[in-house]
1. List the residue pairs whose Cβ atoms are under 9 Å apart, where the first residue sits in the stretch 49-71 and is in a helix (DSSP H, G or I), the second is of a type in the set (Asp, Glu), and the two are 6 or more positions apart or on different chains.
2. Consider ASP109 against the criteria (1) touching a strand residue (DSSP E or B) at 6+ places or on another chain (Cβ under 6 Å); (2) at pLDDT 85 or above: it satisfies all of them except one. Which criterion is unmet?
3. Out of the strands (runs of 3 or more DSSP E) lying entirely within the stretch 142-203, which hold 2 or more residues that are within 26 Å of GLY50 (Cα to Cα) and either in contact with a Cys (Cβ under 6 Å, 6 or more places away or on another chain) or open to solvent by 40 Å² or more (accessible area, probe 1.4 Å) (or both)?
4. Please go through (1) at pLDDT below 50; (2) over 14 Å from THR151 (Cβ atoms); (3) open to solvent by less than 50 Å² (accessible area, probe 1.4 Å) for THR72 and return the number of the only condition it doesn't satisfy.
5. Given the conditions (1) modelled with pLDDT of 85 or more; (2) surrounded by fewer than 16 Cβ atoms within 10 Å (Cβ to Cβ), and given that GLY55 satisfies all but one, which numbered condition is not satisfied?
Amino acid sequence: MTLSRSLLAFCLALPAVAAAHEQHAHEHGVGRLDIAIEGRVVDIVLAGPGHNFVGFEHAAQTAAEREALAATRASLQDGAALFGGLAACKVSVEVDAPDGDHDHDHDHDHDHDHGHAKDAHAHGAADAKTAHGDEDHHDHDDHGHTDWEATYRFECPDAIPPSLALGVFKAFPQTTELRWQAVTPSGQSGGVATPAQTTLQLP
């Protein structure tokens with residue numbers, strides 16, 4: 001079972017998350033954020049309609065749309081920018097793109113003085129794709145809707161901060177609401193994040 005599937009299975013087993021996920025499986029502007037913390041490891045799944053991330057859900061047909069897809073993937077790889085407070089952690093990322101490709105990355109060492117190395121994104125892609133085989137984890141329906149999903153594992157040198165500052169809304173302005181759930185050894189919490197409320201208090 002992949003990191004993404006194991007974390008999703010755990011979080012979706014929680015009644016509140018399952019109900020919210022079922023009710024808002026594909027609602028433009030609304031996304032889902034699942035967070036699981038154990039020790040100094042933070043696992044995060046960010047998911048939502050393709051509209052939230054790239055602004056459209058059909059297959060890219062023009063050069064501009066292809067560039068938008070590439071830019072979206074690059075933004076999703078930048079875990080330190082999307083989840084403030086974890087910049088010192090080493091992060092590995094999986095992006096499930098709407099064309100069925102899986103962009104696997106890639107251990108990044110972040111600190112407060114250096115950004116992550118973009119050219120490291122290709123490392124491990126072949127092995128990761130082999131591990132996944134030909135699976136397509138996207139949710140598609142008869143109307144052509146597509147869902148994006150990015151999975152992050154942060155391995156941190158120090159204790160996890162008590163809160164996270166979301167950069168998701170700045171990176172993806174089409175996202176207007178994130179329904180989130182966090183599970184830690186201390187308990188669980190959740191709520192709704194918006195562009196006006198971007199700080200998540202962790203349990």
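The values are calculated or read from the model by the stated rules, or taken from the named source; none is laboratory data. Note that this is a predicted model, so its numbers are computed, not measured. Glycine also receives a Cβ, built like all others from the backbone with ideal geometry; neighbour counts cover every protein chain displayed. Note: areas computed on protein heavy atoms with side chains; ligands, DNA, RNA excluded. Shrake-Rupley method; radii C 1.70, N 1.55, O 1.52, S 1.80 Å.
1. GLY50/GLU57; GLY50/ASP147; HIS51/GLU57; VAL54/GLU65; LEU69/ASP99
2. Of the numbered conditions (1) touching a strand residue (DSSP E or B) at 6+ places or on another chain (Cβ under 6 Å); (2) at pLDDT 85 or above, the odd one out for ASP109 is (2).
3. By residue number, 147-155, 177-184, 187-193.
4. All conditions pass for THR72, except number (1).
5. (1)
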